[in-house]
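Here's the structure we're looking at; comments come further down.
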Amino acid sequence: MKFENLNAVISGGASGLGFATAKRFVEAGGSVALLDVNEEQGQAAVKELGDKAIFVQTDVTSEEAVNGAVAQAVEKFGRIDVAVACAGIIGAGKVLSRKGPMPSDFFAKVISVNLVGTFNLFKAAAEKMAENEAREDGERGLLVSTASVAAFEGQIGQAAYSASKGGVSSMMLPMAREFSKIGVRAVSIAPGIFYTPMMEGLPEEVQESLNKQIPFPSRMGKPEEFGQMVEAVCENINLNGTTIRLDGGIRMQAK
Ligand SMILES: NC(=O)c1ccc[n+]([C@@H]2O[C@H](COP(=O)([O-])OP(=O)(O)OC[C@H]3O[C@@H](n4cnc5c(N)ncnc54)[C@H](O)[C@@H]3O)[C@@H](O)[C@H]2O)c1
């Protein structure tokens, strides 16, 4: 689909990669609904984006809340073309740490936000997209998830996060296959290391060491480069049921 005047729902849209993506849609004449738990940041984001953006405070782990937010977006914009799932938490921790084994509640929380949250958004969005009038090429919508290179080379301390992102990556193909009937694509982007509030908090020496591990360009990705990839995925109808690494060539080591 042409990256012009598209309506998008974006989870985690109040910050980092989600916000940069929202900016890109709005710059291209589109409208965005930002779904995020962070009310303060959500309001600030909408203020910056202008009247093409709405914020709906949403916890993606709540099926009901996500259904309501997606319905609100459809009511406001008439239709939604793209759903981008960016809401996520790092959920770092060793399986066996000095404090003892990781509580399974903690593991389940990471799965719930990163994986179930993405599922909740996509099923709600796909149901609405099925009602869209098809474009000339038969396309009715697009689902873009955010995995991570940790889906493939998780480091020590990333068992929960990697499991969640592996799940996100794996469910794209069955969704793409199922939704072929309705003309909805499903694609995942697996970022390497991007400079977002998630990373800004890290000590400078850790940031430098991370930068050195990226072959080229030897710096963290810029959030707008993630937005650029979402644009490319929108534009190229052949991208479907797959995960695209966006990582400057990094292959994460064990620690
Ligand atoms: N920054 C990176 O290097 C990097 C690398 C790989 C993958 N990712 C993934 O990219 C996505 C975006 O990360 P980011 O770096 O922009 O982080 P970020 O912290 O800037 O943004 C994440 C957003 O998700 C929201 N969120 C958290 N829990 C939520 C919930 N339950 N319901 C709704 N919203 C919730 C937060 O409020 C925040 O606004 C995440 O899924 C993350 O795992 C990031």
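We did not get these values from a lab; they are worked out from the coordinates using the rules stated. These figures come from a predicted structure and were not determined experimentally. Glycine also receives a Cβ, built like all others from the backbone with ideal geometry; neighbour counts cover every protein chain displayed.
Here are the numbers for this structure:
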item: Where N is the number of residues in the stretch 76-135, Cα Rg divided by 2.2 N^0.38 Å; result: 1.65
item: Built amide H within the under 5 Å cut-off of ALA53, gap 5+; result: VAL32
item: Cα pair count fraction exceeding 13 Å, expressed as % - the stretch 116-168; result: 64 percent
item: Rh by Kirkwood over Cα pairs, then Stokes-Einstein D for the stretch 106-255 at 1.306 mPa s and 10 °C, µm²/s; result: 97 µm²/s
item: Extension gain from ALA254 to ALA92, taking 0.36 nm per residue of separation minus the Cα-Cα distance; result: 56.9 nm
item: Under-5 Å amide H pairs with ARG245, H placed in peptide plane, nonlocal only; result: ALA190
item: Using θ = phi - 60° and Karplus 6.51 cos²θ - 1.76 cosθ + 1.60, couplings along the stretch 184-195 (whole Hz; Gly, Pro as x); result: 10, 8, 9, 9, 10, 10, 10, x, x, 10, 10, 7
item: Alpha carbon centroid spacing (whole Å) that separates the stretch 113-145 from the stretch 179-221; result: 23 Å
item: Length-normalised contact order for the chain - Cα pairs under 8 Å, 6+ apart - percent; result: 20 percent
item: Relative intensity, log₁₀ I(q)/I(0), of the chain from a Debye sum that treats every alpha carbon as a point, q = 0.10, 0.11, 0.12 Å⁻¹; result: -0.45, -0.55, -0.66
item: Highest-MSF residue in the chain out of ASN132, ASN238, ASN211 [GNM, Cα springs under 10 Å]; result: ASN238
item: Rounded to the nearest 20 debye, dipole of the chain from Cβ charges on Lys, Arg, Asp, Glu; result: 780 debye
item: FRET efficiency estimate (nearest 0.05) - Cβ-Cβ, LEU173 to ASP105, R0 30 angstrom; result: 0.50
item: Folded to 0 to 90 degrees: helix 159-170 orientation relative to the chain principal axis, Cα; result: 30 degrees
item: Cα-based shape type of the stretch 3-119, given that a ≥ b ≥ c are square roots of the gyration tensor eigenvalues and the cut on a/c is 1.5; result: prolate
item: Order by protection proxy (mean Cβ within 10 Å, highest first), peptides 70-79, 88-97; result: 70-79, 88-97
item: Label-point gap, in nm, between THR242 and ALA71 - each point 7 angstrom along Cα→Cβ; result: 3.7 nm
item: Computed FRET value (nearest 0.05) for SER180 with ALA232, which takes r as the C-beta separation and R₀ as 30 Å; result: 0.90
